[in-house]
1. Determine the per residue accessible area of segment 94-145 with all protein chains present and a 1.4 angstrom probe, expressed in square angstrom.
2. In Å², and per residue, what accessible area does segment 148-267 have when probed at 1.4 Å with the other protein chains present?
3. Once every Cα of the chain carries one equal point scatterer and solvent is ignored, give the base-10 log of I(q)/I(0) from the Debye formula at q = 0.06, 0.07, 0.11 Å⁻¹, two decimals.
4. Alpha carbon centre of segment 33-82 versus segment 430-473: separation in Å?
5. As an exercise, use a Förster radius of 41 Å and the Cβ-Cβ distance of Asp384 and Tyr354 to find the FRET efficiency, rounded to the nearest 0.05.
6. Can you tell me the length gained on complete extension of the stretch Lys623 to His303, counting 0.36 nm per residue apart and subtracting the Cα distance?
7. Take the residue pairs Lys28/Lys147; Lys2/Lys70; Lys75/Lys198; Lys159/Lys198; Lys28/Lys181; Lys391/Lys588 and return only those whose Cα atoms are more than 28 Å apart.
8. Expressed in nm to one decimal, what extension gain is obtained for the pair Lys159 and Trp587 from 0.36 nm per residue of sequence separation less their Cα-Cα distance?
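The values are calculated or read from the model by the stated rules, or taken from the named source; none is laboratory data. Keep in mind that what you see is a predicted model, and the values were worked out from it rather than measured. So basically every Cβ, Gly included, is an ideal-geometry build from the backbone, and we count neighbours across all protein chains shown. Accessible surface is based on the protein model in full, side chains and every heavy atom, while ligands, DNA and RNA are left aside. Shrake-Rupley method; radii C 1.70, N 1.55, O 1.52, S 1.80 Å.
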Amino acid sequence: MKDTRLTLAGAALNQTPLDWDNNLQNIKDAITEAITHNVDILLLPELCITGYGCEDLFLSPWLGEEAFQKLLLVKDWCTDITVCVGVHVWIGTQVYNTACVIKNQEIIGFTAKQFLAKDGIHYEPRWFTEWPANQVGEFELFGQKYKIGDLIYEEQGVKYAFEICEDAWRPNRPAERHMAKGVQLILNPSASHFALSKTDLRYRLVVEASKKYQCTYLYANLLGNEAGKVIYDGEVLIAQNGHLLKRNELLCFKNVDMEVAEVCFGDNPTIAETITYLPPIDENKEVMAALSLGLFDYMRKSHSRGFVLSLSGGADSSLCAVAVAEMVRRGIESLGALAFVAKTQLFPLKDVAYFDTLSEKQVGPELVGRLLTCAYQGTVNSSDDTYNSAKELAASIGAVFYSWTIDEQVKGYTSIIEGALDRPLTWAEDDVTLQNIQARVRAPSIWMLANIKGALLLATSNRSEAAVGYATMDGDTAGSISPIAGIDKAFIRQLLVWCQTDLGYEGLQYVNNLQPSAELRPAKEAQTDEKDLMPYNVLNQIERLAFYDRFAPQEVYDKLLESGVADGETIKGWLTKFYSLWSRNQWKRERYAPAFHLDDYSLDPRSWLRFPILSGGFREELKQLGQE
């Protein structure tokens, strides 16, 4: 074949469900940028017109019509360029997830997704229908007929076709059939959610496909916190014959992030400046980048004026505080101070101008002070250590810090119940009640502060606590968003050390020297989380074996015993406690504030793990532990 050179581009877009103005502006900006680079083919992400996260609205016919009208607007922007746009299409009563190909202001076809994602957080078969392989059909809308199906396209003699996100993750993927048809270029528009180390899998998927099928592979993902819980890393990859040509920086704060490469197609393609190996994944760096971008998009898309945090001086609330500080630092690094300030849409023009007068060292703490308000709510059971930890951390990042005590409020509620019951409440008889009232009393005042400031209240739950219900409902679980509920306590503790040593958050030195404690019992009892529960590393092992690997209680017992973590009786005690607490606390997991999906799984019953609120609680299974 005669050599042909095509300029290819993939653009990550930060879209929002039903935000037509934002979504279309980002699409238009991407097309405009591509045209300035003389791009031949521009690939945009999956379902980028509506946003991927419209959920059950995809079942509303009016949304399909509205999205198609927007597609016709996009068509008119595609002068002398081929643009591939993600949009859903109704045919009769069926809905298809498609990539529409527009060439020089003409729609030439729709490729429909063949494999729908239905595991983990995905529910695509609820909305969409899979398209059969090798079939091509036709539909009519607004008086015009269009081709749809498993189509092959051509650009300047180069044949190309699609794999849409999940299509590429299946053994019998479309690319297996495309090569026999002379296809040299595969385009993959995706909405592939962020999870720790997932980029490594995605990178290998793309590069190895380009090698196996001796083709060029162009991949473009969504970017940012699109709809509240799921974060997209905005990855763009261009690979050819097993070599990576272009890859962008992930999790940036831009609305549009584009990569462009000129690629030679023919019998002897030339490949220059290739990158063959992906650098090792740093999960600490990854999760902080995802957290900070997730918080920024959640704040601006909910039209909130920053964050309020009950800063206890413990690990979880400290990580939430640092995540906001990182949001500011990374946002300024990605966009520049003025663009970051403008994108928050929180400040009048005179304030935006004020930030231009500050030095680089001043602008970060100044912005954190405008966006994060913290309060330490102490009791007689609180320690000087946690107070100093909270105060020094807030000061080190520039957050507003308040401190007050809640003993009078606790005493007031306690006396009401003592009067009603006509008996004193004691630690010997009412331990959980006396702990819970302290956590619960903290909620009203911190909510007041959030209301006054028009800010989001950050809940501080983590995944380990969610597994066993180690939290007070309407107390420490109170909040608008629970950013770290998707990661476990052991990971959080080492992450905080990394934030101190590698990111330079020296204010964390205090919390990093403390044992996690709820500080709800009298100080003489030296309460710690692990004393109340079990070692966090064991708790996390049990949780993963039981609900990610899906082993039975006896199998979990055998694996823990084999690992040598403890003797059999100790392991039986831990498992009995874990499964009992897990089963009785599903109702709490149903009520947690929305959480970011950060790991390869989560305990969120609305997006990953469903479990009955009422159950037998593994009683029979726990009786049989160790008997085999």
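1. 47 Å²
2. 29 Å²
3. -0.37, -0.50, -1.11
4. When both Cα centres are located, 42 Å separates them.
5. 0.65
6. 110.0 nm
7. Lys2/Lys70; Lys75/Lys198; Lys159/Lys198; Lys28/Lys181; Lys391/Lys588
8. Residue separation times 0.36 nm, minus the Cα-Cα distance, leaves 148.7 nm.
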